[in-house]
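The values are calculated or read from the model by the stated rules, or taken from the named source; none is laboratory data. From a predicted model like this one, the values you see are computed outputs, not experimental measurements. Don't worry about glycine lacking a Cβ; one is built from the backbone with ideal geometry, like all the others, and counts go over all protein chains shown. The area values use the complete protein model at the heavy-atom level, side chains included, leaving out ligands, DNA and RNA. Shrake-Rupley method; radii C 1.70, N 1.55, O 1.52, S 1.80 Å.
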Amino acid sequence: DISNLGHDVDAVVVPSNERLEDPGFGALHAVYKQAGAELPAWIESYWHHSGRAFLEPGEVIVSPSFGSLRAKWIFHAVGINWWFFGAHASGRGEEERKIRAQARLTKAVFDKAAERGAISIAIPGLSTGARRFPPYLVSTIIMGAAKEAVLRSGGQLQVHCVSYGPVQMHRSFQSALSRTLSPLLDE
């Protein structure tokens, strides 16, 4: 579970909704519960100071973890909807647009980590839950972005891919890791 990793990391990535509200279930709820009352207060302050009322899909904002999580920061990542109101991504062009948006979201997560000098990050299968993005696509995107981020960090960044809940990402992460590392091992 992303809220109770068993080891310290600099950043915990949580799949968020557009209003950063606690849905009462899932990873986001677990993190909110662990962070305590300071996180909702921080979110309220964020909305007040930013003049905004919601985030767009694909956005990432960073909050402190308030010391109750084994992380310095919480990265709130608003996922991309693969299925929207029960309708599948219609057509090849729409699927490609959503895959590119998911890739930009994932890259933004790793860019935020680099901006903060993070050397460890825990990331789940963003958008695979309620947003129904296919796990094999998400794991491939995450592994590709993670590889680039690790190489940019000179090998310093540690990436912890976390699997939890009804969408089992473990096998998808293992398969994507194998595909991502194979070209490096052949060099």
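Per-structure values
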item	result
Segment S175-W47, length gained on full extension (0.36 nm per residue, minus Cα span)	42.2 nm
Placed amide H near L5: partners under 5 Å, 5+ positions off or other chain	R70
Protection-proxy order for peptides 114-121, 101-108, each taking the mean of Cβ atoms within 10 Å per residue, highest first	101-108, 114-121
Helix-only mean residue ellipticity at 222 nm for the chain, each DSSP H run of n ≥ 4 adding -39500 (n - 2.57), per residue, nearest 500	-15000 deg cm²/dmol
Once the Cα gyration tensor of the stretch 24-163 is diagonalised, semi-axes √(5λ) in Å	24, 21, 14
Accessible carbon and sulfur surface of the stretch 2-152 relative to its total accessible area, %, 1.4 Å	55 percent
Only Lys, Arg (+1) and Asp, Glu (-1) charged, at Cβ; the chain dipole about Cα centre in debye	300 debye
Ranked by how many other beta carbons lie within 10 Å on average, peptides 50-62, 9-21 from highest	9-21, 50-62
Hz values of 3J(HN,Hα) by residue in the stretch 68-77 - Karplus curve (6.51, -1.76, 1.60), Gly and Pro given as x	8, 9, 8, 8, 7, 10, 10, 9, 8, 10
Of K33/K72; K72/K107; K72/K98; K33/K98, pairs whose Cα-Cα distance is over 24 Å	K72/K98; K33/K98
Order by protection proxy (mean Cβ within 10 Å, highest first), peptides 22-28, 74-80	74-80, 22-28
Extension gain, L151 back to K33 (0.36 nm per residue minus Cα-Cα distance, nm)	39.0 nm
Separation of alpha-carbon centers, the stretch 87-151 and the stretch 2-78, rounded to whole Å	18 Å
Sparsely packed chymotrypsin sites (Phe, Trp or Tyr not before Pro) within the stretch 98-173, loop by DSSP, other Cβ within 10 Å at most 15	none
Amide N proximity, the stretch 1-40 versus A108 label position 7 Å along Cα-to-Cβ, cut-off under 15 Å	13-20
